[in-house]
Amino acid sequence: MSTKIFKKKLYVIIFEADTPWGKTFDIGLLLAIMLSVFTVALESVQSFRAVHQELFDALEWCFTILFTIEYLLRLWVAPRKRKYVFSFFGIIDLLSTLPTYIALVITGAHSLIVLRSFRLLRVFRIFKLARFVGEASQLQKALKASRPKIIVFVTAVSIIVVIMGTIMYIVEGGVNGFTSIPRSIYWAIVTLTTVGYGDIAPITVMGQSIAALIMILGYAIIAVPTGIVTAEIGKSMYESNQTNLRVCENCKNKESDPNANYCKNCGSKL
């Protein structure tokens, strides 16, 4: 087998997921990536690191050598090497191999191996998830159309938390933990979003009454952004359906079903 044919077959396996060997390669690669990230996570646990440090070091080098070979193979078979090197996945592939080598010079750099998790994005190619890009673009369009309303909403909420935080600073004071207006505003944000860390809490009756009002207001506010985006999605879908309408030449009836072959009103062929 000539080198040219071998490179072509290897390219199909490494870069394509439409063949059995290509899908097997990508799934194996994803499993290796997940195992390497899992290994780094376990190594960060002191009790595991104290007992299995040598094992972690060996696994780290095994994964690094594996991904280095894989990167070099991708670079070798890529028809346009420069395009691959500076592409998103090309940069991620390179960064996933560097931390272990850098750790030889800079202590602790091997923790950056978690960058390999970005390579899991290849799952979109394996399982054909790219077909959902259309739906994602529709959501993006709805968010973009909602931007002015959301900006007004966020501005209004910001004003509310500043006012409420200032009032709580005046009512409670530094004795009860509200030592400054910024800290009081932080409390107002935590309370309004219904997170409620509990690190600061009002003690006086007036302060607790204000807190109760902010909590109730928080539940009402949470639904606003969802309603804005949902309305824009509905509007976008309606406009899309109107654009795709087909008119029957016989009875002039508008057919909205894109898969219909005949008019549902008179039965004429569309």
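We did not get these values from a lab; they are worked out from the coordinates using the rules stated. Only a predicted model underlies this, so the values are computations on that prediction, with no experimental measurement involved. Because the Cβ atoms are built from the backbone with ideal geometry, glycine has one as well, and the counts that use them run over all protein chains shown.
Take the residue pairs 8/81; 4/81; 9/83; 141/269; 7/81 and return only those whose Cα atoms are more than 24 Å apart. Among 8/81; 4/81; 9/83; 141/269; 7/81, the Cα-Cα distance tops 24 Å for 141/269.
Residue order for 23, 4, fewest other beta carbons within 10 angstrom first, comes to 4, 23. Legend: P(r) of the range 3-127 from all alpha carbon pair distances, 10 Å bins from 0, whole percents, reading 12, 41, 31, 13, 2, 0.
Taking R0 as 41 Å, what FRET efficiency do you get between residue 50 and residue 76 from their Cβ-Cβ distance, rounded to the nearest 0.05? Working from the Cβ atoms, E equals 0.50. Between residue 249 and residue 62, residue separation times 0.36 nm minus the direct Cα-Cα distance comes to 60.5 nm.
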